[in-house]
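Structure first, then comments.
The values are calculated or read from the model by the stated rules, or taken from the named source; none is laboratory data. As the structure is a prediction and not an experimental result, all values here were calculated from the model. Backbone-built Cβ (ideal geometry, glycine too); neighbour counts: all protein chains shown. When the accessible area is computed, the model is the full protein with side chains, heavy atoms only, and any ligands, DNA or RNA have been set aside. Shrake-Rupley method; radii C 1.70, N 1.55, O 1.52, S 1.80 Å.
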Amino acid sequence: MKKRSSNKTKKNAPATMSHEHAVYLSKIKRKERFVVSMRYVILIGFLLLWELFARIGVIDPFIASSPSRVVRTILSLYNEGSLFTHIGTTLYETVVGFLLGTLMGILLASILWWFPTANKIFDPYLVVLNALPKIALGPILIVWIGATEASIIAMGVLISLIVTIMTVLNGFNEISDSKQKLMLTLGASKWQIFVKIVLPASIPTMMSALKLSVGMTWVGIIVGEYLVSKAGLGYLIVYGGQVFQLDLVMASIILLCILAALMYYIVAYFEKRIIKWRKH
């Protein structure tokens, strides 16, 4: 028994890494650290220059604001108790619009792949809808749905839906026909081909569609809040512009950047987890 266990440990023991391989991995890690550090250097440098130029008069702080004024504005909103109300409103609308847009987009793309004739029929309409400025439909949505939160979410869904459908559908159509024909010769049904061949091979494409959908949903929600809203970061931007409180506008834009980046990195995190799961 002891000999068997010792043989197993020898088989499971990792091979000794060569010096060249270790040097190569070290270079990759150094490059990754350099890239991350340069990102922070650029961000901090931009903020410092922005603050400096505002203080010495290179730029007008009333028009361009400054980091210190933005921080004071955010703290003022927090002290008033309205900061998290506006953030929560926009974040709720964006998450709901993102989930609805991506789920409906993947579902409709799957239906169009399943029925090639329908795909050919609706293809020009998808192209036209993708090229159409969605903000033009804002007043129509308000009349149809009402000046409510639902119309804002509908705007976010509308903008992200078409992009998701076209991206995912292109990914489905790019799957090799030879694999599908091989499955057919082996007696597989269309559902089995979709589940075992098309869907797994299209996961990278779907994750790319999710990343695109994040940004598009934020655009749709903010546009919707421009048109009709009583709370949210888009509302603060419009209100700040109307009363010439540009510090409020800049603070809202920076909060939007932070929230959009966090949402994007959450999607990217799940993408890495799914890729690791597929490898195992």
Pair list, Cβ < 6 Å and 6+ apart or interchain, from the range 165-183 residues that are among the aliphatic types (A, V, I, L, M) and in a loop (DSSP other than H, G, I, E, B) to residues that are at pLDDT 75 or above and crowded, with 16+ Cβ neighbours inside 10 Å: I175/V198
Unmet criterion (only one of (1) without any contact (Cβ under 8 Å) to a residue 40 or more places away in the chain; (2) open to solvent by less than 20 Å² (accessible area, probe 1.4 Å); (3) closer than 20 Å to V168 by Cα) for K272: (2)
Qualifying residues in the range 217-248 (those that are without any contact (Cβ under 8 Å) to a residue 60 or more places away in the chain and either outside the structural domain of F172 (by TED's automatic domain parsing) or aliphatic (A, V, I, L, M) (or both)) - the one farthest from P133 (Cα to Cα): V243
Matching residues, the range 236-253, being open to solvent by 50 Å² or more (accessible area, probe 1.4 Å), more than 13 Å from A64 (Cβ to Cβ) and either among the polar types (S, T, N, Q) or outside any loop (DSSP other than H, G, I, E, B) (or both): Y239, Q242, Q245
The range 30-73, residues that are without any contact (Cβ under 8 Å) to a residue 60 or more places away in the chain and in a loop (DSSP other than H, G, I, E, B): G57, V58, I59, D60, S66
From I258, I266, residue being under 20 Å from I87 (Cβ atoms), at pLDDT 85 or above, open to solvent by 90 Å² or more (accessible area, probe 1.4 Å) and in the same structural domain as T217 (by TED's automatic domain parsing): I266
In the range 207-235, residue nearest to Y264 (Cα to Cα) [restricted to those that are β-branched (V, I, T) and open to solvent by less than 30 Å² (accessible area, probe 1.4 Å)]: V214
Criterion: at positive phi and of a type outside the set (V, I, T) - qualifying residue of G240, G232, G220: G232
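Take the residues in the range 93-146 that are among the small types (G, A, S) and at pLDDT below 80; name whichever of them is nearest to V223 (Cα to Cα). Explain how you work it out, then say what you get.
Going residue by residue through the range 93-146, those that are among the small types (G, A, S) are 97, 101, 105, 109-110, 118, 131, 136, 138, 146.
Next, only the ones that are at pLDDT below 80 stay: 136, 138, 146.
Values: A136: 10, G138: 8, G146: 15 Å.
Of everything passing the filter in the range 93-146, G138 is nearest to V223 (Cα to Cα).
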Given (1) exposed (fewer than 12 other Cβ atoms within 10 Å of the Cβ); (2) under 28 Å from the mean Cα position of the chain (by Cα); (3) within 17 Å of A251 (Cβ to Cβ), index of the condition G81 fails: (2)
So A150, is it over 30 Å from I254 (Cβ atoms) and part of a helix (DSSP H, G or I): no
